Amino acid sequence: PIYLDYAATTPVDARVAAKMIPYLTELFGNPASRSHAYGWAAEEAVEIAREQVAALVGADPKEIVWTSGATESNNLAIKGAARFHAGRGKHLITPRTEHKSVLDTCRELEREGFEVTYLDVESDGLIDLDKLTAAIRPDTILISTMLVNNEIGVIQDVAAIGALCRARGIIYHVDAAQAAGKVEIDLSATPIDLLSLSAHKTYGPKGIGALYVRRKPRVRLEALIHGGGHERGLRSGTLPTHQIVGMGEAYALARGSMSTENERIRWLRDRLWAGLSAMEEVYLNGNIDARVPHNLNVSFNYVEGESLLMGIKQLAVSSGSACTSASLEPSYVLRALGRSDELAHSSIRFSIGRFTTQAEVDTTIALVTEAVAKLRELSPLWEM
Ligand code: PLP
């Protein structure tokens, strides 16, 4: 099948895999072993990777904490900050369109006695700053928003939200899992306190990520995982050197290729959208301008989502109805934009990446156009 699901995960770039392999075999030392060369070699590799990850987001390497991925980073950021600062207040704000790893973490904190405002977003998926400001209370301690949405690809104005938080002494956490390597992030100039990263969305391995924790002004967190005191006590556990080396290399590659890669992907995206929007009753989900070129989330009116997926089996894409696998619930993100159940159900997320070709895009247009036409012919609602 043609892979157009880069927002779910990406293949490990061959150059990344090549860098990782020696750290599985010869250079297998524990980075915490301070008494011999095996440990030193591993520690050096970990610190180089820390610099590479920091460089992509304009951070100091000392501000990077290794985790198992963005899910853990989101948990550590939100639970860690909320629990540490609970004495100051117990109110959090996050939009309804966040990833489950943020929303479910907030639900867990509600069970611990915190209060969470789940903010509505506009019909284009963006946060209205006035509505966010109105939701702030004297006891608000943390606001968490993503930078790039995983389902619809829209980009939030994190600089403006950060400024708003900074002026009020509110901790600002950003989930940047879908943003790293796609949009410029400069933490040295942006008032973000905590930022979650993942390797596998950016051509690195699964199971490794990082949390940026600002040092100036210092952001304090309570650890979730206790043990040997690794990562300055914030996240204990033996560091997976090969995974870390992979994330570092993947981020270094992204830093070098981001602008040319974005241009190519934008061209492919425009071609795909031109092809799909040549059909009638096709709707783009999410703001048309404030979005990464890697994502095209489209609803096809008058077709049934499950049947559409069956009709395009040669395409590896995500659907707004099958997202949470077992359930047939329509996407909560599309529902939050005010899309009807029908349009949410009949949506497809096409996500384009480093290895997508023009031929794949053209085949995709042909397959989807054929499948949609066929299904509409059978539909009693379609009379055009
Ligand atoms: N946040 C967002 C926006 C995501 O898209 C994902 C990926 O599914 C995650 C968090 C979770 O990342 P990970 O798979 O590294 O735990």
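The values are calculated or read from the model by the stated rules, or taken from the named source; none is laboratory data. All of these numbers come straight from a predicted model, not from anything done at the bench. Note that each Cβ is placed from the backbone with ideal geometry, even for glycine, and that neighbours are counted across all protein chains shown.
Please work out which residue is farthest from T357 (Cα to Cα), limiting yourself to segment 4-29 and to residues that are surrounded by 15 or more Cβ atoms within 10 Å (Cβ to Cβ) and of a type in the set (D, E, K, R).
The qualifying residue farthest from T357 (Cα to Cα) is K19.
Take the residues in segment 109-121 that are surrounded by 14 or more Cβ atoms within 10 Å (Cβ to Cβ) and free of Cβ contacts under 8 Å to residues at least 40 places away in the same chain; name whichever of them is farthest from the ligand (Cβ to nearest atom). Don't jump to the end; show me each part of the working.
The initial filter retains those residues of segment 109-121 that are surrounded by 14 or more Cβ atoms within 10 Å (Cβ to Cβ), namely 109, 114-121.
With free of Cβ contacts under 8 Å to residues at least 40 places away in the same chain added as a condition, the list becomes 109, 114-119.
Numbers: L109: 17, F114: 20, E115: 23, V116: 17, T117: 20, Y118: 16, L119: 16 Å.
Per the stated criteria, the residue is E115.
Determine which member of the set A359, A371, A366 is in a helix (DSSP H, G or I), modelled with pLDDT of 95 or more and surrounded by 18 or more Cβ atoms within 10 Å (Cβ to Cβ). Steps first, answer last, please.
Numbers: A359 fails: surrounded by 18 or more Cβ atoms within 10 Å (Cβ to Cβ); A366 fails: surrounded by 18 or more Cβ atoms within 10 Å (Cβ to Cβ).
Only one candidate qualifies: A371.
Starting from residues that are of a type in the set (G, A, S) and over 20 Å from the mean Cα position of the chain (by Cα), keep the ones in segment 82-108 and report whichever is surrounded by the fewest Cβ atoms within 10 Å (Cβ to Cβ).
Start the filter on segment 82-108 by keeping residues that are of a type in the set (G, A, S), which leaves 82, 86-87, 89, 101.
Now narrow it down to the ones that are over 20 Å from the mean Cα position of the chain (by Cα): 82, 86-87, 89.
Numbers: A82: 27, A86: 15, G87: 8, G89: 17.
Looking at residues that are of a type in the set (G, A, S) and over 20 Å from the mean Cα position of the chain (by Cα), I get G87.
If you check every pair at least six apart or on different chains, which have Cβ atoms under 8 Å apart with a residue in segment 55-70 that is over 20 Å from V183 (Cβ atoms) first and a residue that is within 16 Å of the ligand (Cβ to nearest atom) and of a type in the set (K, R) second?
Final answer for the pair search is V65/R235; W66/R235; T67/R235.
Any residue at all in segment 212-231 that is within 16 Å of the ligand (Cβ to nearest atom), in contact with a Ser or Thr (Cβ under 6 Å, 6 or more places away or on another chain) and closer than 30 Å to R354 by Cβ?
Taking segment 212-231 first, the residues within 16 Å of the ligand (Cβ to nearest atom) are 212, 224-225.
Keeping just the survivors that are in contact with a Ser or Thr (Cβ under 6 Å, 6 or more places away or on another chain) gives 225.
Next cut, closer than 30 Å to R354 by Cβ only: none.
Looking through segment 212-231, none of the residues is within 16 Å of the ligand (Cβ to nearest atom), in contact with a Ser or Thr (Cβ under 6 Å, 6 or more places away or on another chain) and closer than 30 Å to R354 by Cβ.
Please verify whether V16 is within 16 Å of the ligand (Cβ to nearest atom), in a loop (DSSP other than H, G, I, E, B) and touching a helix residue (DSSP H, G or I) at 6+ places or on another chain (Cβ under 8 Å), treating the condition exactly as stated.
Details: within 16 Å of the ligand (Cβ to nearest atom): yes; in a loop (DSSP other than H, G, I, E, B): no; touching a helix residue (DSSP H, G or I) at 6+ places or on another chain (Cβ under 8 Å): yes.
When the stated conditions are applied, V16 does not pass them.
Residue-wise test of (1) within 16 Å of the ligand (Cβ to nearest atom); (2) assigned by TED's automatic domain parsing to the domain that holds V213; (3) not in a helix (DSSP H, G or I).
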site	(1), (2), (3)
W66	yes, yes, yes
I78	yes, yes, no
T97	yes, yes, yes
D130	no, yes, no
T145	yes, yes, yes
A167	no, yes, no
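Starting from residues that are free of Cβ contacts under 8 Å to residues at least 60 places away in the same chain and among the charged types (D, E, K, R), keep the ones in segment 213-265 and report whichever is surrounded by the most Cβ atoms within 10 Å (Cβ to Cβ).
Looking at residues that are free of Cβ contacts under 8 Å to residues at least 60 places away in the same chain and among the charged types (D, E, K, R), I get R264.
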